[in-house]
Amino acid sequence: MTLEHKSLREMGRKGLLPCHPHHAAYRLTLDPHPYQAHLARRLQQAPQGWALAVDEVVVPKEGLLIQGLSRIWATSEKRVVWGLRFLSLSLVAGSHDPYPLGLWPLPTEPMATQDYPYRSPTQASLQALQRVLQTGYCPKVLLGDARMLKASTHPALLSMGIGAVHRVRKDLKVSYQGQWLRADELAARYKPGTGARYYRRFGLYAKRLRVERAEAGAVDLLLLWRGKDTGWELVVLLSSLQGAGVQEVLAYWKARWKQEVGHKGLKALGLGQCQARSYASQLKHADLAVEGYLLLWAERQREPTLSWRQARERAGAWLKERLFTELSATSPGSEQVGKAG
């Protein structure tokens, strides 16, 4: 066969070598929206009654030929980087391991296309929530940071029957007892030890106030102080949960940080290491990282005492056994690969 072709590279391009990088890159582009195809299955297998957390994930990239690259502010690195931006969806609850649902495309406006249109983080979060609800899964609450959710989204969320807890800016203006005040001005009235209550379970001071916003109506404003260096740092939350106590809201907010643990796990499984140039390939590779994480998640659910390394070893052994016992033809014909470019 090699005599009929000039090189192994040419054979790989024509799909005659299933393990060749060219063939692997082709397989990654077959589904341009993998995050949607697997959402219903993942939710069917997901734990019930958990909260849905949304966040932005920036994956730094150095290859300027990769489609969709933009200059993006990376919060984790505190600098602007070349990279791709994703919307991360995860189910979280208490101290449990987060359950990732997918990484959705979140292109910047200059990089948007017809297949991947531009949406603000808030618009993308609401669209993703609608997709989740369409599958029949109803999360208890929607969690997000100030970048992902705004006060103006509360009416839309309440119309869906979903409450929200999210961080807001300290200069957010609210109506309290007939006066329009900024959140940090209200915080000056309820400092630690002078109006705010200490919650030992969470290690912070908190004060809840019932305020009003023109676009959201009556909502709860939570002023939180957490220890930083030798002082206290102010964090402001907005909650539309009906009848929820302060500790319940704080528990949801604490669970939201579990999503960051999931992001570290995805990066440990190869998120961001794909060198394919196609944007669809990058999305598929990110979705494969989510699939790998869910295998580890399942192993730790079966045996909670397992470390992440042990869960990875067990999941790898299971995949290896399945690979050698359930072989199937997956390679497309050479003509199909040739036509696809």
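Just a few scattered comments:
- Residues of region 226-280 classified as hydroxyl-bearing (Ser, Thr, Tyr) and at pLDDT 90 or above, total: 4
- Only listed residue being open to solvent by less than 20 Å² (accessible area, probe 1.4 Å), without any contact (Cβ under 8 Å) to a residue 60 or more places away in the chain, touching a helix residue (DSSP H, G or I) at 6+ places or on another chain (Cβ under 9 Å) and part of a strand (DSSP E or B), chosen from Leu89, Leu52, Leu101: Leu89
- Within the set Arg147, Arg208, Arg189, the sole residue that is of a type outside the set (Phe, Trp, Tyr), open to solvent by 80 Å² or more (accessible area, probe 1.4 Å), part of a loop (DSSP other than H, G, I, E, B) and under 25 Å from Val54 (Cβ atoms) turns out to be Arg147.
- Considering only residues in region 166-182 that are of a type in the set (A, V, I, L, M, F, W, C) and closer than 17 Å to Leu149 by Cα, the one that is least open to solvent (accessible area, probe 1.4 Å) turns out to be Val174.
- A search for C-beta distances below 8 Å between a residue of region 109-131 that is closer than 16 Å to Leu158 by Cα and any residue that is open to solvent by 30 Å² or more (accessible area, probe 1.4 Å) and aliphatic (A, V, I, L, M), counting only pairs 6+ apart in sequence or on different chains, returns Leu126/Ala156; Leu129/Met160; Gln130/Met160.
- Checked against (1) open to solvent by 70 Å² or more (accessible area, probe 1.4 Å); (2) within 17 Å of the chain's Cα centre (by Cα); (3) at positive phi, His96 passes all but condition (3).
- Each residue in region 253-296 was checked for being in a helix (DSSP H, G or I) and open to solvent by 30 Å² or more (accessible area, probe 1.4 Å), and 12 of them qualify.
- The criterion of being more than 19 Å from Lys258 (Cα to Cα), free of Cβ contacts under 8 Å to residues at least 60 places away in the same chain and either open to solvent by 10 Å² or more (accessible area, probe 1.4 Å) or assigned to a helix (DSSP H, G or I) (or both) holds for Ala156.
The values are calculated or read from the model by the stated rules, or taken from the named source; none is laboratory data. Just so we're clear, the structure is a prediction, and the values are computed from it rather than from any experiment. Neighbour counts run over all protein chains shown; Cβ positions are idealised from the backbone, glycine included. To get the accessible areas, we keep the full protein, side chains included, count just its heavy atoms, and leave off ligands, DNA and RNA. Shrake-Rupley method; radii C 1.70, N 1.55, O 1.52, S 1.80 Å.
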